[in-house]
1. If you average the alpha carbon positions of segment A:125-179 and of segment A:40-82, how far apart do those two centres end up, in angstrom?
2. Can you sort A:Asp239, A:Asp176 from fewest to most other Cβ atoms within 10 Å of each residue's own Cβ?
3. Just counting partner chain Cβ atoms within 10 Å, what average do the residues of peptide A:53-62 show around their Cβ?
4. Identify, among B:Ala32, A:Ile160, A:Pro255, the residue whose Cα sits farthest towards the positive end of the charge dipole of the protein assembly as shown, taking +1 on the Cβ of Lys and Arg and -1 on the Cβ of Asp and Glu, with the dipole about the Cα centre.
5. What average number of partner chain Cβ atoms lie no more than 10 Å from the Cβ of the residues making up B:102-109?
6. Expressed as a rounded percentage, what relative contact order does chain A have, with Cα pairs under 8 Å and six or more residues apart?
7. R0 = 35 Å: FRET efficiency of A:Lys227 with A:Asn295, Cβ-based, nearest 0.05?
8. Two decimals is fine: what is log10 I(q)/I(0) at q = 0.19 Å⁻¹ for segment A:232-358, from a Debye sum with one equal scatterer on every Cα and no solvent?
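Taken together, the values in this text are just the output of simple stated rules run on the coordinates, not laboratory data. Here the structure is a predicted model, which means the values were calculated and not measured. Cβ placement follows ideal geometry from the backbone for every residue including glycine, while neighbour counts extend to all protein chains displayed.
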Amino acid sequence: MAKKGLVSILVVMGMILPVFCFSSCGVLRAYSSGYFDYFDTYSSFTVYASSKEEFNSFAEIFESEAEKYHKLLNIYEKYDGLVNLASLNDQAAGEKVEVSRELMDFLLEAKKIEETTHGYTNIAFGAVTSLWHEARESSEEEKYLPNDNELNEAAKHTDISCLVLDTDNLTVRFTDCDMKLDGGAIGKGYAADRIAEALSDAGYHSFLISLGGNVVSRGHKGETERKKTDEPWLSGIEDPTAYFEHTKDISLALPKSVDITDMSLVTSGSYQRYFELDGKIYHHIISPDSLYPENNFLSVSVIGSSSTLCDGFSTALFSMDLSDGKELVESTVGVEAIWITVGGEIIFSEGFESYTVS
Amino acid sequence: MGMKKNNEGKKKIIGRTDILILVSLVAVSVVALVLFGIMFNARGKTVVVTVDGEEYATLSLDEDTVLEVKTERGYNLVVVEDGKVYVKESDCPDKICVKSGEATELKTVVCLPHRLTVSINNK
């Protein structure tokens with residue numbers, strides 16, 4: 001009897017084994033999805049999941065977090081019953097405005113980034129960036145540059161210390177009535193960090209998310225809690241020379257890919273959002289020094305563990321000269337950068353090459 | 001302790017037949033896994049074109065194809081040529097999809113105004 005029982009157990013186990021392997025341990029599948037709904041850009045993700053259901057619940061978290069921060073950090077649109085950056089711009093100059101914990105956390109982080117980047121990435125720079133935004137959005141036939149007097153006047157209202165945060169009572173007030181917030185320089189990075197955090201908290205171990213030029217990955221490819229793998233998440237660095245008539249003959253020797261496992265890679269470039277006037281390129285990254293878009297670089301990419309910091313750094317480095325930028329990167333632990341100059345030169349920070357894969 | 005003594009006193013519980021059954025079952029599992037693995041890999045690289053987040057077309061990267069994508073948002077011409085895929089023409093204002101060149105496994109070509117993507121799937 002005992003023997004027969006054991007044989008049956010073995011037979012059943014033998015039958016279950018392959019089924020078990022297919023459903024859970026054997027084939028984790030990569031699922032991907034893409035959206036045009038958030039942050040005025042294309043966002044997407046890839047996740048290793050064991051079933052369609054697991055993928056669906058991942059997508060739900062991604063979508064709800066992306067939508068949350070898309071609305072919260074929006075400066076162009078207001079939403080019923082939600083205090084976001086647009087409503088702060090309208091109301092916070094007059095009186096204290098109550099905000100959510102989430103928005104307060106963003107503003108606190110934004111202040112830190114402003115300090116770390118020596119003012120080069122400043123969410124209180126909205127008075128200046130809005131003038132450029134209007135110019136960029138004007139019709140093709142009536143393209144114009146913002147008036148210098150207006151720019152100089154606007155620049156007087158960009159002091160981030162006029163953004164007063166009361167973290168105990170969760171209120172925000174502008175002590176400069178003409179100050180405007182613009183979260184564009186760090187918004188996508190911040191959202192990417194929060195989305196990744198929510199997905200990790202929900203138990204996902206292996207995924208890559210991308211919001212425009214902001215990429216964040218967690219775990220190795222196909223990794224689970226119990227099973228470690230060593231296949232890295234890779235990202236390419238876009239060749240920006242192909243986008244412009246005057247640079248398209250330059251051939252760049254870019255690294256084939258960058259290992260971004262458990263890291264974030266963010267690129268700021270002049271090649272996607274810009275307009276041309278009298279043969280000159282006017283892109284969307286406005287230097288706080290000149291109040292104009294600088295054209296020293298075609299793109300700057302930054303790798304590090306915080307996507308918010310990478311986003312803030314790539315924006316700052318784009319407007320800083322190379323030597324100042326290099327100094328900033330070298331003096332910051334865990335952040336590396338790659339600059340591509342208008343002349344087609346590629347410059348790496350000291351530690352960047354440890355991430356490149358050739 | 002008592003359990004162990006009992007077992008020692010009896011005949012072997014796992015006989016030769018049992019081992020045979022176990023081994024053959026494991027073998028069948030392994031063969032099945034390997035076969036499935038080959039089937040998945042043999043599918044090759046495909047090009048996936050999406051519009052507004054929905055799949056619009058799937059093409060083989062091994063076959064030269066020209067795909068006209070006409071939607072209410074506009075027109076894009078997707079070309080597969082010599083194992084490469086790119087957007088050759090578009091009536092969008094910024095032409096970023098055309099300028100960005102070929103899609104690779106690491107790079108999705110995107111036309112934001114038309115909500116179109118072209119990517120390579122390695123499955």
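1. Cα centroid of segment A:125-179 versus Cα centroid of segment A:40-82: 28 Å apart.
2. Exposure proxy ranking, most exposed first: A:Asp176, A:Asp239.
3. 0
4. So the residue we want is B:Ala32.
5. 3
6. 14
7. Details: r = 48 Å, r/R0 = 1.38.
The formula returns an efficiency of 0.15 here.
8. Each listed q maps to, in turn, -1.06.
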